[in-house]
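Trainee: Please see the structure below; I have some questions.
Each reported figure results from applying straightforward, stated rules to the coordinates on display, with no laboratory input. Quick caveat, the model's predicted, so the values are computed rather than measured. Backbone-built Cβ (ideal geometry, glycine too); neighbour counts: all protein chains shown.
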Amino acid sequence: MSQKARVSHRHTTRHAATLTMIDETRHAASTVDLSHGGVSLQTDCQIKLAQYCAVSFQVQLGDASHNVLAMGQVVYSDADAELGFKTGVQFLRIDDASVDVINRLLQA
């Protein structure tokens with residue numbers, strides 16, 4: 001899926017994130033934007049396309065901190081002059097609590 005093929009609403013969000021690959025390699029990242037279908041991340045290195053991964057980050061909603069954890073697949077990883085690399089992860093599996101947090105963020 002290219003960045004231009006998006007059909008769901010994107011919410012700009014900035015949170016420290018971790019991208020964990022199948023081989024357990026971890027990459028520090030920052031969220032750029034988020035939708036029901038996936039997340040765009042700022043990464044320091046280019047990530048191979050089609051890799052399966054887990055993405056996790058914390059969100060502060062009111063007085064409470066919430067963890068978001070999703071399993072996904074890398075759908076793009078492009079060089080970006082401002083961000084280093086912009087990496088898109090399409091969600092494949094996400095728990096109900098994380099879906100609730102994303103819904104609340106997208107309604108804000």
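Trainee: Can you give the translational diffusion coefficient of the range 41-108 in µm²/s, computed by Stokes-Einstein from the Kirkwood radius over Cα pairs at 4 °C and 1.567 mPa s?
Mentor: Approximately 99 µm²/s, per Stokes-Einstein.
Trainee: Comparing Gly72, Gly38, Gly84, which has the greatest mean-square fluctuation in the GNM of the chain with Cα pairs linked when under 10 Å apart?
Mentor: Gly84
Trainee: Take every DSSP beta bridge whose two residues both sit in the chain, then give the antiparallel share in percent to the nearest 5.
Mentor: If we restrict to bridges inside the chain, about 100 percent are antiparallel.
Trainee: Considering the dipole of the range 13-95 built from charges on the beta carbon (Lys and Arg +1, Asp and Glu -1) around the Cα centre, which of Gly88, Gln73, Leu19 is farthest to its positive end?
Mentor: It is Gln73, whose Cα lies furthest towards the positive end.
Trainee: A further question follows. Provide Thr18, Thr25, Thr43 in ascending order of the number of other Cβ atoms located within 10 Å of each residue's Cβ, fewest first.
Mentor: Lowest to highest Cβ neighbour count: Thr25, Thr18, Thr43.
Trainee: Quick check: from the Cα gyration tensor, does the range 1-99 come out rounded (a/c under 1.5), prolate or oblate?
Mentor: Details: a/c = 1.36, a/b = 1.29, b/c = 1.06.
Rounded, since a/c falls under 1.5.
Trainee: Could you tell me which trypsin sites (Lys or Arg not before Pro) in the range 1-92 are loop residues by DSSP with no more than 14 other beta carbons within 10 angstrom of their beta carbon? Present the calculation step by step, with values, prior to reporting the outcome.
Mentor: Details: sites: Lys4, Arg6, Arg10, Arg14, Arg26, Lys48, Lys86; in loops: Arg6, Arg10, Arg14, Lys48.
Of the trypsin sites (Lys or Arg not before Pro), the ones in loops of the range 1-92 whose Cβ has at most 14 other Cβ atoms within 10 Å are Arg14, Lys48.
Trainee: What's the exposure ranking of Ser65, Ser77, going from fewest to most Cβ atoms within 10 Å? If you can, show how the numbers build up before the last one.
Mentor: Working: Ser65 9, Ser77 19.
Ordered by Cβ neighbours within 10 Å, fewest first: Ser65, Ser77.
Trainee: Take the Cα of Leu92, step 7 Å along the line toward its Cβ, and report every residue of the range 44-60 whose backbone nitrogen sits under 16 Å from that point.
Mentor: 48-56
Trainee: Would you order His15, His36 from fewest to most other beta-carbon atoms within 10 Å of each residue's own beta-carbon?
Mentor: Least crowded to most crowded, the residues run His36, His15.
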